[in-house]
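Worksheet: the structure to be examined is printed underneath.
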Amino acid sequence: MLADRGDVVINVAIDGVGGKDDLATAKFDATIASFARHLPANSKSIRFQAIQPTEVISDQAALQLLFKLLDTGQLTTTIDEQLPFNLTGFIQGHQRLDEPHVGQVVVAR
C-alpha cells in the first residue's frame, strides 16, 4: 500500500523497531531518520540519520524547529486532502489511503 512512496521516513519507535517497514516505505534516494543504530541491509540508495532521545531539547522545541524548517522551505510535504477531525474524517482518511493519491491525507481540527 505505501511501498516505495516516502521521501522522508521518521521512526521514533524504541530502538527503531520496524526498520524493514521503513525501508519498504522509502523511495529510492529517500531519507530515513530513526532511533535505530543502523538500517537493515538494502539495495536502495538511502540517506540514514540515527537519532537519539535527549534531555537537551524538549518536544516543544523540536516541533518548533520542524515548523521553522517547513516555514523556510527546507522541509516540504504535499497535502492531497484535509479531512475533518471526527470519526467520519478518520474513516474517510483510512479509506483514502487504499486509493491512489498524491501527497498526505491529513485529519485536522
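General observations
- Kirkwood Rh, angstrom, the chain [1 / mean 1/r, Cα pairs]: 15.6
- Cα-centre dipole for the chain with unit charges at Cβ (Lys and Arg positive, Asp and Glu negative), debye to 20: 160
- Charge context of GLN95, other residues only, Cβ under 14 angstrom, K/R +1, D/E -1: -3
- The loop-placed trypsin sites (Lys or Arg not before Pro) in region 1-90, going by DSSP, that have at most 16 neighbouring Cβ atoms within 10 Å of their Cβ come out as ARG5, ARG37, LYS44.
- Contour minus Cα-Cα distance for PHE67 and ALA41 (0.36 nm per residue): 6.1 nm
- Stretching the chain fully between GLU99 and ARG5 yields a gain of 32.5 nm (0.36 nm per residue, less the alpha carbon separation).
- Principal axis dimensions, largest first and in whole angstrom, of region 11-54 by Cα: 29, 15, 15
Values quoted throughout were computed directly from the atomic coordinates according to the rules given, and no laboratory measurement underlies them. Quick caveat, the model's predicted, so the values are computed rather than measured. Note that we place each Cβ from the backbone using ideal geometry, even for glycine, and neighbour counts take in every protein chain shown.
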